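Take a look at the structure below.
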Amino acid sequence: MKSKLTLYHGSREIVEMPSLSKSNPQNDYGKGFYCTENIELAKEWACVTADDGYVNLYEIDVSSLAVLNLSEDKYNILNWLALLLKNRAFVTSVPIAQEAKAYIVAHFSVDTSGADIVIGYRADDSYFSFAKDFVNNTISLSQLTRAMFLGNLGEQIVLMSDKAFAAIVHTGYKVVDGKVYNPKRVLRDRQARDEYLSSGRKATSISSDDLFIADIIRGGIKNDDARIQRIIP
């Protein structure tokens, strides 16, 4: 990982001084400042509606910061899912889902308390729906893994500590045309859902080694289980 990063944060506001105290605790990884290294994605995130937004530009030196990267080999998609279920509002009427949520959080959670920065998937609406399908026992672990690469959403970089906030420097901003980038945001989400429905969720061939959440619970499968490692690349 580079020691100095250029980050972008899409917003309806100009954010010269990000603040941990103003963060929403129900974001993907809890309280933090959510950024990306992809300016085009940041422009889409800035335009939740057709109104214009802003891409805020930042520089940060991470050489002295503790970085938790969920894309490293020692982590898997269930570690990401555990953080998501722990922090995001999750309501379901499917009986297995609450048991699944409790099991995943208990056995796959990652301790982020010592991290200044967390790197991992971003759970836009479509991706959150993929995660819910897995928790509802509708799709398998391999199907969930494939679904997370639909739409080329990439990773988000989240500042989680006062030390990280002290290191980030606002270098400017760009106005984003909502009439251009809101449709791009909507299209990316729709394409991910369409591809998921056509080739992911409706996959007819499930490997005998594959696992649904019910299998994981019944088998008492934990984070370092070899059965997990065979499925997740």
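The values are calculated or read from the model by the stated rules, or taken from the named source; none is laboratory data. Remember, predicted model here, so these are calculated numbers, not experimental data. Note that we place each Cβ from the backbone using ideal geometry, even for glycine, and neighbour counts take in every protein chain shown. The area values use the complete protein model at the heavy-atom level, side chains included, leaving out ligands, DNA and RNA. Shrake-Rupley method; radii C 1.70, N 1.55, O 1.52, S 1.80 Å.
Number of residues in the range 21-35 that are open to solvent by 40 Å² or more (accessible area, probe 1.4 Å) and touching a strand residue (DSSP E or B) at 6+ places or on another chain (Cβ under 8 Å) equals 1.
Summed over the range 39-51, residues that are within 9 Å of residue 181 (Cβ to Cβ) and not hydrophobic (A, V, I, L, M, F, W, C) total 3.
Of the residues making up the range 70-87, those that are of a type outside the set (A, V, I, L, M, F, W, C) and either open to solvent by 40 Å² or more (accessible area, probe 1.4 Å) or in a loop (DSSP other than H, G, I, E, B) (or both) are 71, 72, 73, 74, 75, 76, 86.
Pairs linking a residue in the range 50-62 that is farther than 29 Å from residue 3 by Cα to a residue that is among the acidic types (Asp, Glu), with Cβ atoms under 7 Å and 6 or more positions apart or on different chains, are 52/177. Considering only residues that are farther than 15 Å from residue 103 by Cα and either surrounded by 10 or more Cβ atoms within 10 Å (Cβ to Cβ) or of a type in the set (D, E, K, R) (or both), which ones fall in the range 207-227? Selection gives 207, 209, 210, 227.
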